Every structure is written in C-alpha cells, then in structure tokens.
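FYI, it's all coordinate maths here, none of it is from the lab. Quick caveat: nothing in here was measured; it's all calculated off a predicted structure. Cβ sites come from the backbone with ideal geometry, for glycine too, and all protein chains shown count toward neighbours.
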Amino acid sequence: MSLGAGQNTEGTNAGGIFVQFNQDCTSLVAGSSSGYHLFALTPDDGVEEIYASRSGQDTCLVDRLFSSSLVAIVTVSAPRKLIVCHYKKGTEICNYSYSNTILAVKLNRSRLIVCLEESLHIHNIRDMKILHTIRDTPPNPRGLCALSPCVDHCYVAYPGSSAVGEVQIFDAVHLNAKCVMSAHESPLAALAWSMCGRRLATASERGTVIRVFAVPERTRLYEFRRGVKRCVSIACLAFSACGAYLAATSNTETVHVFRLQEDEAPPEPEPAEAGWVGWLQQAVAAGAGYLPAPVADVLAQGRAFAAARLPVAGHRAVAAVTNVARAPRLLVATSAGELLVFALDAADGGECTLLRHHHLLPPADHRQQQQPQAAAANNSYAGALRGRDPSQMTESERACELGAAAEGSPPRGSFDVRDPRHFPPMRPAGSAPADAAPAH
C-alpha cells in the first residue's frame, strides 16, 4: 500500500511504511516518508541500517536485488514512474514511466517485473529494456504477482481470473506462457516461489487453505489448513531458502510456519496425534475411499508446524524463515516499522519464542526533522541524488552502471587486506597524504 495514498498493493499498509525482505532474506528494505532504507541482518539476531536515502520523497515501493547495489523504487509523488538506483553511489541510473500506477516491482538476476492493474512489463535487468508486455490481464488492483528468484526457472505467476483462484505461469526468459493452474475456488490473495523456482505456494481470499504446487507439472504437493474458526486475509507467503519451511502472515496476530520435505515428492503421513483428531486421521487413512472427497480432503490437510504471536494485530506483516548463526529463525517485519526475531525449533516446532524486537525507524515526527531541504524545483528524484542526470547517459553508460549495481556486495565478515576492492593501497611508512596540512 502506498504510504500516502492508501493504495491496496502487495506488502504494504495504509498509513504505515513499506517493508520487504530481499530475495535471499539477508536484508530488509523499507520505504518511509523520508525516502528508502536498507537494513542488514547481523549474526547476533540484530539489525543494522546500512543505507538511508534521505531524499525527502515519500517512497511507497522499494526492492533490492539480492545483496547488490541495485535498488528499484516508486514514490508517492510519481506513482507511475519506476526509478532504478545505484544506492552506494547515490545515483539514479534510469527511470521509466507507465500508463498507470505501479502496484508491484519484482527482481531477480535476469529480469525486472513491473505490475500494473491490467498488465505486466518484463525488463532485462542488464539494460532495463522492455522485452515483453503481458496485456489485458484480469483486473489485479492489489498488484498480486510473484517472480521466481531462480534464473534457471525464471517464471512469473499472476492471477488468471478475478473470480476464481486461477494462476497463470509465464516464462520470463523464453517469453511464452508456461501453464495455467486451478489453485482455489476463491480469488487469489497471495503467491510465493521457492528459491529453486520449482514450487509455488498459493492462498485464496478465504485464507483457510494454503497449497504448494510443482511447476510446470502443476502437481499439488502439499495442502495446509491455516485454521477452521474464521476466514482471514493472507498478507504474505514466504519459503525458507532451504525449501523446508513455508511461513504465512495474515491480518491476525498469528504467524504460521508449515514444514515441507526437501524433495519434490508428497510428504509421508506423520504419526497420528493423540485424541480425536488423531483418530480421525487414522480413519481417513484407512477408509479414504469410503468418505466424500471434500471431507477426506479437509481431514487430510496438514496443520502448522510452528506459530508465532505478534504483540499487536492489524499491521501488514511480511515474514522470512532463515538461519542466523546456523540457528533457524522466523523474522517478521510490520508496516509499523518493527522487526521481530523469533526462535524456530526445527525438531519440535510449536510456539516460537520472541528473541528480539527491533524498531527500524524513529517516530514520524523525528523523521520530519531529519529530512533535507526540498529537492530540485522539478521535484524529480534525480534532484535529490548525487550524480549525472540519467537522461544524459548513453546506452552503454547506462548498461555499465546497471552491471556494476547488480554485482553482489562483498560478504559481511572478514576482509582480505590484500584485496584492493576492500581496502585502498597503503602508503609507505612516514609518508603523508598530498592534502595533509604541514606540521607546526
């Protein structure tokens, strides 16, 4: 959702900030009224702000390409314009304008996807040229789409219908339709790809059932029931990098984590639980052929392996399952500007323990005091950044900038002092820099 306009787009919340994890869940991006912010996750369950644009531009969408310097943003003042930046240089590389409001932006190392309400635009990440436009898609006011992080299976998933839960799969490399899947009876509410690009998780507007499919085979691998008491609005689905877990957030205070097997085969039946639920599961397994199909399906659905409870409900939340210092963690970022770190018991699951509660951004009134003076009179984002005007760049210069920005950052941790990319050449002992003041 837009920070100022209250649009209902993916991953945001009206009146709050936009938050999103990058593709491998090693960092977090946030869009606020003062610009955009990049955070790194530290080995001690902490979070460190590594960049703040301080542009003074209300930022409603932002996405970072893995751990590179390439960042794509959309501002409230120009909701139809996509701006691609090299954040370390503080420069704008290029910008593109579209016929309608940009609702979502997705990146991987090969493609950049811009989602409008009734079209999808596919860019080549290396030169930002538009390779293909998928036109006349079903009305998609929430900007629901998902791009696989894997370039070997570079698929885009988006709703194929506004009436039922049909999913269209498009190959963004070969630029052709791959397949169509009937995932739910109700319209889609959430989509997510695994890191390998071979699994797609889906949820509908009813929010009770989450399914995982193999793509392009269209085989249903898993079916999980989030709950039976009430229908909810699923806000986010997220696979772990290892593919063993799937997290789901909603408009309730509970975040669910489901466990998947690492292979592509359907999961083996787990030992029956105690009580009447276990007895029903045993009955279903023994006499599945005698029960009506809808009843058998409901009773056979898997339940959450683990769950975490948020302190406050009502804020839009995105989740990630990752390892911190080799220990599994459930990370939840909310539109209130908070990051919660939960311990995830890989053996027994159950209730996740809250380890850390971070406040990513200071209060809004303090951010207002930190904002710089107004940008250039034309109110362009380039006026708030250093560097050359992107409209004056040649195609080769732009491609060079994009290539440099897309390169990954050096790994956090130890550095090689012999590598000039990490440290400048050392001066001989006793020498002074050329601009040093003479001693008195």
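Values as computed for the structure displayed
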item	result
In range of the label at C196: residues from segment 14-34 whose backbone nitrogen is under 18 Å from the point 7 Å along Cα→Cβ	24
Shape call, segment 16-96: gyration tensor on alpha carbons, a/c limit 1.5	prolate
Highest average packing first - 140-149, 245-254, Cβ atoms within 10 Å	140-149, 245-254
J(HN,Hα) series, segment 114-128, from Karplus relation 6.51 cos²θ - 1.76 cosθ + 1.60, nearest Hz, glycine and proline x	10, 9, 9, 5, 10, 6, 10, 10, 10, 10, 7, 5, 7, 10, 6
Interchain or long-range residues, amide H under 5 Å from S68's placed H	S409
Kirkwood hydrodynamic radius of segment 82-170, Cα pairs, Å	13.7
Sites E395 and N323 - FRET efficiency at Förster radius 60 Å, r taken between beta-carbons, to 0.05	0.90
Ordering of 98-104, 304-310 by packing [mean C-beta count within 10 Å, highest first]	304-310, 98-104
In nm, spacing of pseudo-spin labels at K129 and Q261 (7 Å Cα→C-beta vector)	4.5
Burial order of peptide ranges 47-54, 336-343, 16-23 (average beta-carbon count within 10 Å, highest first)	16-23, 336-343, 47-54
Nearest-0.05 FRET efficiency for A404 and T353, computed from C-beta distance (R0 41 Å)	0.45
Gyration tensor (Cα) of segment 8-163, equivalent ellipsoid semi-axes in angstrom	24, 17, 16
